[in-house]
Amino acid sequence: MFVPHPFPYQGSKRNLVSEILCKFPTDSFRLVEPFAGSAAVTLAALHGGLVESAMIADSDQGIARLWQAILQSPETLAEGYRSLWVGQYGKEREFYNEIRTRFVTTQPLFEGKTRF
């Protein structure tokens with residue numbers, strides 16, 4: 001089953017989703033995915049009409065905030081990405097160095113948490 005996903009994610013269940021969904025009870029109403037990541041199972045279950053609603057969560061705060069933005073303010077998120085993309089034109093290397101420096105100085109190492 002092909003279901004588009006907003007971003008690639010290491011450890012995604014995307015390749016296993018058909019095997020997972022064939023085990024779903026036929027009377028499922030809501031899916032709760034506590035370790036959502038890319039939410040491959042949730043997206044496929046909703047797309048396939050196996051559930052009417054879903055709740056996703058993830059302990060990685062960066063992923064949780066990204067999903068919150070995707071679901072609650074997709075236009076704002078898309079505009080932010082567009083602005084970043086266009087903002088690098090003609091100064092790609094400098095832009096990369098700036099983002100890398102910002103990431104390295106604000107990203108805690110080995111804590112499993114993301115700060116921006």
Matching residues in the range 46-102 (over 13 Å from the mean Cα position of the chain (by Cα) and of a type in the set (Val, Ile, Thr)) number 5
Residues that are in contact with a Leu (Cβ under 6 Å, 6 or more places away or on another chain), in a loop (DSSP other than H, G, I, E, B) and among the β-branched types (Val, Ile, Thr), drawn from the range 3-50: Val3
Do any residues in the range 71-100 that are farther than 29 Å from Ala39 by Cβ have Cβ atoms under 6 Å from those of residues that are of a type outside the set (Gly, Ala, Ser), where the two are at least six apart or on different chains, and which pairs are they? Phe95/Gln88
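Per-residue answers, yes or no, for (1) without any contact (Cβ under 8 Å) to a residue 60 or more places away in the chain; (2) over 14 Å from Leu66 (Cβ atoms); (3) in contact with a strand residue (DSSP E or B) (Cβ under 8 Å, 6 or more places away or on another chain); (4) in the same structural domain as Ala54 (by TED's automatic domain parsing):
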| residue | (1), (2), (3), (4) |
| --- | --- |
| Pro4 | yes, yes, no, yes |
| Phe7 | yes, no, no, yes |
| Gln10 | yes, yes, no, yes |
| Asn15 | yes, yes, no, yes |
| Ile20 | yes, yes, no, yes |
| Ser28 | yes, yes, no, yes |
| Leu31 | yes, yes, yes, yes |
| Gly37 | yes, no, no, yes |
| Ala40 | yes, yes, no, yes |
Restricting to the range 58-77, name every residue that is outside any helix (DSSP H, G or I), out of contact with any helix residue (DSSP H, G or I) (no Cβ under 7 Å at 6 or more places or on another chain) and closer than 17 Å to Pro8 by Cα. Asp60
Taking the range 59-85, which residues are closer than 15 Å to Phe7 by Cα and hydrophobic (A, V, I, L, M, F, W, C)? Ile63, Ala64, Leu66, Trp67, Ala69, Ile70, Leu71, Leu77, Ala78
Based on this model, can you work out whether Arg102 counts as part of a helix (DSSP H, G or I), modelled with pLDDT of 85 or more, more than 30 Å from Phe24 (Cβ to Cβ) and not assigned by TED's automatic domain parsing to the domain that holds Ser38? no
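The values are calculated or read from the model by the stated rules, or taken from the named source; none is laboratory data. Predicted model, so just to flag it, every value in this text is computed and none were measured. Cβ: placed from backbone, ideal geometry, glycine included. Neighbour counts: every protein chain shown.
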